[in-house]
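The values are calculated or read from the model by the stated rules, or taken from the named source; none is laboratory data. Since we're looking at a predicted model, the values are computed, not measured. Here the Cβ is made from the backbone with ideal geometry for all residues, glycine too, and neighbour counts use every protein chain on show.
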Protein chains: 4
Amino acid sequence: MAVRAAVAGASGYAGGELLRLLLAHPEIEIGALTGNSNAGQKLGALQPHLLPLADRVLEPTTADVLAGQGRRHDVVFLALPHGQSAAVAEQLGPDVLVVDMGADFRLKDAADWERFYGSAHAGTWPYGLPELPGARAALEGAKRIAVPGCYPTAVSLAFFPAYAAGLAESEAVIVASSGTSGAGKAPKPHLLGSEVMGSMSPYGVGGVHRHTPEMIQNLSAAAGEPVSVSFTPTLAPMSRGILATCSAKAKSGVTAESVRAAYEKAFADEPFVHLLPEGQWPATASVYGSNAVQVQVAYDEAAGRIIAISAIDNLTKGTAGGAVQSMNIALGLDESTGLSTIGVAP
Amino acid sequence: MAVRAAVAGASGYAGGELLRLLLAHPEIEIGALTGNSNAGQKLGALQPHLLPLADRVLEPTTADVLAGQGRRHDVVFLALPHGQSAAVAEQLGPDVLVVDMGADFRLKDAADWERFYGSAHAGTWPYGLPELPGARAALEGAKRIAVPGCYPTAVSLAFFPAYAAGLAESEAVIVASSGTSGAGKAPKPHLLGSEVMGSMSPYGVGGVHRHTPEMIQNLSAAAGEPVSVSFTPTLAPMSRGILATCSAKAKSGVTAESVRAAYEKAFADEPFVHLLPEGQWPATASVYGSNAVQVQVAYDEAAGRIIAISAIDNLTKGTAGGAVQSMNIALGLDESTGLSTIGVAP
Amino acid sequence: MAVRAAVAGASGYAGGELLRLLLAHPEIEIGALTGNSNAGQKLGALQPHLLPLADRVLEPTTADVLAGQGRRHDVVFLALPHGQSAAVAEQLGPDVLVVDMGADFRLKDAADWERFYGSAHAGTWPYGLPELPGARAALEGAKRIAVPGCYPTAVSLAFFPAYAAGLAESEAVIVASSGTSGAGKAPKPHLLGSEVMGSMSPYGVGGVHRHTPEMIQNLSAAAGEPVSVSFTPTLAPMSRGILATCSAKAKSGVTAESVRAAYEKAFADEPFVHLLPEGQWPATASVYGSNAVQVQVAYDEAAGRIIAISAIDNLTKGTAGGAVQSMNIALGLDESTGLSTIGVAP
Amino acid sequence: MAVRAAVAGASGYAGGELLRLLLAHPEIEIGALTGNSNAGQKLGALQPHLLPLADRVLEPTTADVLAGQGRRHDVVFLALPHGQSAAVAEQLGPDVLVVDMGADFRLKDAADWERFYGSAHAGTWPYGLPELPGARAALEGAKRIAVPGCYPTAVSLAFFPAYAAGLAESEAVIVASSGTSGAGKAPKPHLLGSEVMGSMSPYGVGGVHRHTPEMIQNLSAAAGEPVSVSFTPTLAPMSRGILATCSAKAKSGVTAESVRAAYEKAFADEPFVHLLPEGQWPATASVYGSNAVQVQVAYDEAAGRIIAISAIDNLTKGTAGGAVQSMNIALGLDESTGLSTIGVAP
């Protein structure tokens, strides 16, 4: 019997990408689709690229729609604004797999949550980045999953091997570029096409971006000691993609060979992370629309630093693809079911 | 037993897109991949988005590689520059399905070919645009298929219903915009990113573009009388997509309702062509990376003209997706096998 | 003594472009800058590219600010939403030059205004497209100027010579692409960068775009007889620029030479319109940020049509540059003062 | 009497941008324009945006053309590929001001030159970044000027104040994004529009980019001690612009206030560098086509790092505008003559 999935927040970019993937997933049957301000509208007007769902009508985001009488949903995806997931999730029974694509359940440290999000901490769920040490096992059979942020996905995958192998000093410097879809679909002047085309600009500089504590959490866990993160996000003139450049001082004794070896080992059996051949560097276009991650790493001997760079599609591996990958694990399906490693390029 | 497919010209944009689709096709096994100047190189360096084929090495484009001893290929796709297909095709046996993605076998009129391409006409093969009247039947069981040009695909699908239903006068005026991938991967100054970003420009104005006779052929066949075409192509600052705006004087007695009815009838059973609800217009982003076609039509009463507009992905429905769709028909597979109607958006 | 200019609507795209030009104008001193919702804010936060005005504070758009006690303004530019100019203009004295960059005073036919804008017609002012036959003289010494729409600027300049010389039949077919700045700075979902990058899409199809009657007015005046216009605007993935493709059946006896001669004659003495050498076609990038217009024309003998194409910067020649050019004429300055014919490319 | 300027390499992007600026410079008369493979062609075909020079014909790049009989040139700009300037420059007399926009005379350390460029070092000329400590004085009356590289311009301006004020530790980590025009006009596959649109990608990672020693030279001079630089350049999907993110550990005792004060002091009297108000961050769109530099700086207390970010137009302040600015100083003109601080936005 097919796995029935509901999507709360089907009119946004995360919800739309999730539906694109679920439509191609052989085990999934799409159940309720909900929105708030858009409830009652046809999906074809809101997500015109999802042709097979053009005539589906959005329902309101209520517990009744998601888990009420005659509404069998084996999985409920929450693609809601930060801070709204907890209230919905607590109305869903313990047997339903709830996959939260928002930030609510990512952080372990309640103080971090309160400092960066300004509200009470809702809790911590198994973290949906299976490539991290120990993460895959925690997802098997899970009934609650916190999908990582898009930047933390790109950064953690690029840089955890350096920390897990004890090669990098504890101060990470990260500069990442994101396509505009990462900022969502709510119209704001600085996100207009007229503003973003032809322009690169930073934002959230100086440690204030909400994804910073999540990166610290992941890299510190890999290192087994506290890692500080200087994170600068920049907005790039493209719809999709994140390119993350991560560097840290190399510990004494590190060589180009030891760095390469650590990365080869970390990703040897990973279906979605591709360590590129030496001399080839990631490009976001190469992973466009796919769940693949391109990684490359270099050791700059003169500066004494390890530089690791990753490219992901922020909406796929960075959000909806990561959610599906973790769902597959939780449900006992093959981890790659319904997910592609082939980018849409050029 | 899987259908084995060879791709001649695997390093270009058409070849790359074809491989992206074939990798997702459940009945296809990918055989030989060939190039000319790139023979001997790994595909990962040339098409970094095709992760599963990264270690495949290109072979030279020879009859031996495509159809020699121990080289079972049920289908050979030719993604070669115009004028090179005939020489290769004639070395392939009559039992192999040969799908030519170049122009060589599209035109029925040898004089047209000679005028627009300046060489001897190689012949005419069944035309791979199944949505045209009579075309699907001609593809069933075919062993040779001529894949349409990208512009003629967009234009013919947008406008044949108006001619097939006898609604439009015989002078068609067409302005279409294409993404830069339609111009191929050979580096030329005017195709540099620095030149194309932020710029719209026309080319091949005044009836000289090589796709003009192909449009005339298709629209005239639909009309049952000669149709003239004024075609102006423009280069748009995007990688993929064609938006085709087609108009003609409406014949006497035409109404908005009769136009709508003709289009609804033409596409009622088509799996890939989506006539949008009234008031919604096509966008190339909505069909990005998919085989879907969005069509909308209006009747401008003041000007007395029918305006039909289509959006396709030039590399998918306009080239490689159209090739796979026609292959499916020729092989007796379900026409939609391995093809998606879901765009990658935003 | 410098000419003092006020700008009502200084926070939008038209107002910002106007200020960019006025800052470089040797005869102009910038007076009051007004906004509505943005009154009280520094311009540096709203128009960060206008460095010399970063500390100027926006005032409210009132007659007092624009023309009150101690507020000498020789020129008042109105960069306001359509329908708001008349109320402001009537409070400004007859000695102030008022340049309206909105639509309110462009149309001669009150019925056209009412049909397309749905309100009472405010009147007709001298039309600020000096290149049109007779237009320059009407601007000399004028105290009220209606700046043309961006599309009508591109279309009229591309196509009036064909009509003025009696070469074209009376049914014009026009397809034009515009950058997104033409849609303004008010944030709307379909104008988000995520939506427009990588996408071409039409809008206002079928004769409903408000610029249609303005084109009809201009081309009919040039022809000396009614010309119908089928106009299809499309949104292109770029911030600035309009590419207008205009065609009509050629009258009997027309030749490539007679077409070329008509265009050479029309633009021989024009400082801003550049008829390109034969074989070279306009590109919006070439006129980026300049007041220049590139025009090319072809005669398609097979289709029997004249195709004229122009490229402008919609914010410069299409709005603010056209406004300054007309202001120069009205004030008796050299028409080119403060205006450039050099695009910012690549 | 006007200053007569010749431009060697007028067909490339640097040469084109220089001509755009020289055309607007009130003291300059444009003399010989040269090219190599393009000699004999009209500039209008190569640089269609330079309308006033459309009919000028390129001459070959020879000493005779640049400095021969009857060829008075007060200034000769060299916009040639790296390594070609020295041979031309030595044929020009000592009274001609020679402004080299290539790399040949930027580095002081011959070993650095040889390691990064692989040829013999040609020498060191006064360095054309007047904002650096002591640089302006060295340019006054100079007859030879080495224009900085585009990345070193952005990086040095963003970060020298932190070093000059003794606030930053000696290990700088820099990630910068550049538009594609920085890679020049020679067509290469990875620079095609189809490849760069929608994609971010790094290159020259790990200390191998040729601009690295130039940054080290500038920052070390400001610090008065050796500074190491980890530099990662990335290619962004835009034609113009550099966004440079520079960070280093803060020295003990540094505060947000001391950092701000150092930057305010460094740029207080600079006509082109604009330290943004706190809370506002640079955007390349804001300086498009202008010689302005936007800078902002933050102190990340948690990470203990200073983060300074600049935005420039790589072709203007990063190349041709910087050249004109330095020329102005060398000739005793006002430094800002012919240069704008107003970006072309949106």
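So D:H190 clears everything in (1) in a helix (DSSP H, G or I); (2) within 21 Å of the chain's Cα centre (by Cα) except one condition, right? Which one?
(2)
Which one is surrounded by the most Cβ atoms within 10 Å (Cβ to Cβ), of the residues in the stretch B:310-346 that are closer than 12 Å to B:T153 by Cα and touching a Pro at 6+ places or on another chain (Cβ under 7 Å)?
Looking at residues that are closer than 12 Å to B:T153 by Cα and touching a Pro at 6+ places or on another chain (Cβ under 7 Å), I get B:A311.
State all residues of the stretch B:227-255 that are of a type in the set (S, T, Y), within 13 Å of C:M200 (Cβ to Cβ) and not in a loop (DSSP other than H, G, I, E, B); if no residue qualifies, say none.
B:T234, B:T245, listed by residue number.
Can you spot a residue in the stretch D:130-148 that is farther than 28 Å from D:T234 by Cβ, charged (D, E, K, R) and touching a strand residue (DSSP E or B) at 6+ places or on another chain (Cβ under 7 Å)?
Looking for residues that are farther than 28 Å from D:T234 by Cβ, charged (D, E, K, R) and touching a strand residue (DSSP E or B) at 6+ places or on another chain (Cβ under 7 Å), one finds at least one in the stretch D:130-148, hence yes.
Looking at (1) assigned by the TED database to the domain that holds D:L276; (2) assigned to a loop (DSSP other than H, G, I, E, B), which is the only condition D:S119 fails?
Condition not satisfied by D:S119: (1).
Give all pairs with beta carbons closer than 7 Å in which a residue from the stretch C:63-90 that is under 21 Å from C:K185 (Cβ atoms) meets a residue that is among the polar types (S, T, N, Q) and in a loop (DSSP other than H, G, I, E, B); count only pairs at least 6 apart in sequence or on separate chains.
What qualifies is C:G83/C:S119; C:V88/C:T61.
Yes or no, residue by residue, for (1) crowded, with 22+ Cβ neighbours inside 10 Å; (2) small (G, A, S); (3) more than 21 Å from the chain's Cα centre (by Cα):
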{"position": "A:C246", "(1), (2), (3)": "yes, no, no"}
{"position": "A:K251", "(1), (2), (3)": "no, no, yes"}
{"position": "A:V259", "(1), (2), (3)": "yes, no, yes"}
{"position": "A:E270", "(1), (2), (3)": "no, no, no"}
{"position": "A:P282", "(1), (2), (3)": "yes, no, no"}
{"position": "A:V287", "(1), (2), (3)": "yes, no, no"}
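Filter the stretch A:17-29 for residues that are within 13 Å of A:A323 (Cα to Cα) and outside any loop (DSSP other than H, G, I, E, B); which is farthest from the other protein chains (Cβ to nearest Cβ)?
A:L18
Quick one: D:G204 ticks every box in (1) buried (at least 24 other Cβ atoms within 10 Å of the Cβ); (2) on the phi > 0 side of the Ramachandran plot bar one, so which box is it?
Condition not satisfied by D:G204: (1).
Six or more apart or on different chains, Cβ atoms under 6 Å: show the pairs whose first residue is in the stretch A:12-36 and of a type in the set (D, E) and whose second is buried (at least 24 other Cβ atoms within 10 Å of the Cβ) and in a helix (DSSP H, G or I).
A:E17/A:A320
Conditions (1) among the hydrophobic types (A, V, I, L, M, F, W, C); (2) under 18 Å from B:V75 (Cα atoms), marked per residue:
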{"residue": "B:A87", "(1), (2)": "yes, yes"}
{"residue": "B:G93", "(1), (2)": "no, yes"}
{"residue": "B:V99", "(1), (2)": "yes, yes"}
{"residue": "B:Y117", "(1), (2)": "no, no"}
{"residue": "B:W125", "(1), (2)": "yes, yes"}
{"residue": "B:L139", "(1), (2)": "yes, yes"}
{"residue": "B:F160", "(1), (2)": "yes, no"}
{"residue": "B:I174", "(1), (2)": "yes, no"}
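From the list C:G44, C:G40, pick out the single residue that is within 26 Å of D:A283 (Cα to Cα), surrounded by fewer than 22 Cβ atoms within 10 Å (Cβ to Cβ), of a type outside the set (S, T, Y) and within 12 Å of chain D (Cβ to nearest Cβ).
C:G44
Can you pull out every residue in the stretch B:198-211 that is within 20 Å of the chain's Cα centre (by Cα), at the interface with chain C (Cβ under 7 Å from one of its Cβ atoms) and over 21 Å from C:S199 (Cβ atoms)?
Residue satisfying the conditions is B:G207 alone.
Looking at (1) among the charged types (D, E, K, R); (2) in contact (Cβ under 8 Å) with a residue 24 or more places away in the chain; (3) within 12 Å of another protein chain (Cβ to nearest Cβ); (4) surrounded by fewer than 22 Cβ atoms within 10 Å (Cβ to Cβ), which is the only condition D:R240 fails?
Here D:R240 clears every test but (4).
What about C:V147, is it more than 20 Å from the chain's Cα centre (by Cα) and of a type in the set (A, V, I, L, M, F, W, C)?
Spelling it out, it is not the case that C:V147 is more than 20 Å from the chain's Cα centre (by Cα) and of a type in the set (A, V, I, L, M, F, W, C).
Could you grab me the full set of residues in the stretch C:168-187 that are farther than 17 Å from C:V205 by Cα, away from chain A (no Cβ under 14 Å) and surrounded by fewer than 24 Cβ atoms within 10 Å (Cβ to Cβ)?
C:E169, C:S170
So, in the stretch A:193-226, exactly how many residues are of a type in the set (F, W, Y) and part of a helix (DSSP H, G or I)?
Of the residues in that region, 0 qualify.
For the stretch C:146-171, which positions are part of a strand (DSSP E or B) and either assigned by the TED database to the domain that holds C:A14 or out of contact with any helix residue (DSSP H, G or I) (no Cβ under 6 Å at 6 or more places or on another chain) (or both)?
C:A146, C:E171
Name the strands (runs of 3 or more DSSP E) wholly within the stretch B:256-334 that hold at least 1 residues that are within 14 Å of chain C (Cβ to nearest Cβ), touching a residue at least 12 places away in the same chain (Cβ under 8 Å) and farther than 29 Å from B:P346 by Cα?
Filter on the stretch B:256-334 gives B:293-300, B:305-312.
I'd like to know if the stretch B:39-56 contains one or more residues that are out of contact with any Gly (no Cβ under 8 Å at 6 or more places or on another chain) and farther than 30 Å from A:L339 by Cβ.
yes
Which count do you get for residues in the stretch C:7-27 that are among the hydrophobic types (A, V, I, L, M, F, W, C) and touching a Gly at 6+ places or on another chain (Cβ under 7 Å)?
4
For the stretch D:81-88, state whether one or more residues are out of contact with any Pro (no Cβ under 7 Å at 6 or more places or on another chain) and buried (at least 24 other Cβ atoms within 10 Å of the Cβ).
yes
If B:E140 meets every condition in (1) in contact (Cβ under 8 Å) with a residue 24 or more places away in the chain; (2) crowded, with 19+ Cβ neighbours inside 10 Å apart from one, which number is that one?
For B:E140, the failing item is (2).
Do we find that B:S181 is under 15 Å from the mean Cα position of the chain (by Cα), among the polar types (S, T, N, Q) and modelled with pLDDT of 95 or more in this structure?
When the stated conditions are applied, B:S181 passes them.
Within the stretch B:30-58, can you find the residues that are in a strand (DSSP E or B), within 26 Å of the chain's Cα centre (by Cα) and of a type outside the set (V, I, T)? Break it down into steps so the answer makes sense when it comes.
Applying the first criterion (in a strand (DSSP E or B)) to the stretch B:30-58 yields B:30-35, B:42, B:50, B:57.
Subset that is within 26 Å of the chain's Cα centre (by Cα): B:30-35, B:50.
Residues satisfying the conditions are B:G31, B:A32, B:L33, B:G35, B:L50.
Among the residues of the stretch D:102-156, which ones are hydrophobic (A, V, I, L, M, F, W, C) and farther than 19 Å from D:G322 by Cα? Spell out the reasoning first.
Kept after step one, since they are hydrophobic (A, V, I, L, M, F, W, C), are these residues of the stretch D:102-156: D:103, D:105, D:107, D:110-111, D:113, D:116, D:120, D:122, D:125, D:129, D:132, D:135, D:137-139, D:142, D:145-147, D:150, D:154-155.
Residues satisfying the conditions are D:A110, D:A111, D:W113, D:F116, D:A120, D:A122.
How many of the residues in the stretch D:212-232 are touching a strand residue (DSSP E or B) at 6+ places or on another chain (Cβ under 8 Å), surrounded by fewer than 24 Cβ atoms within 10 Å (Cβ to Cβ) and more than 8 Å from every other protein chain (Cβ to nearest Cβ)?
Going through the stretch D:212-232 one residue at a time, the tally reaches 3.
Of the residues A:L78, A:L19, only one is within 26 Å of C:V196 (Cβ to Cβ) and within 19 Å of the chain's Cα centre (by Cα); which?
The match here is A:L19.
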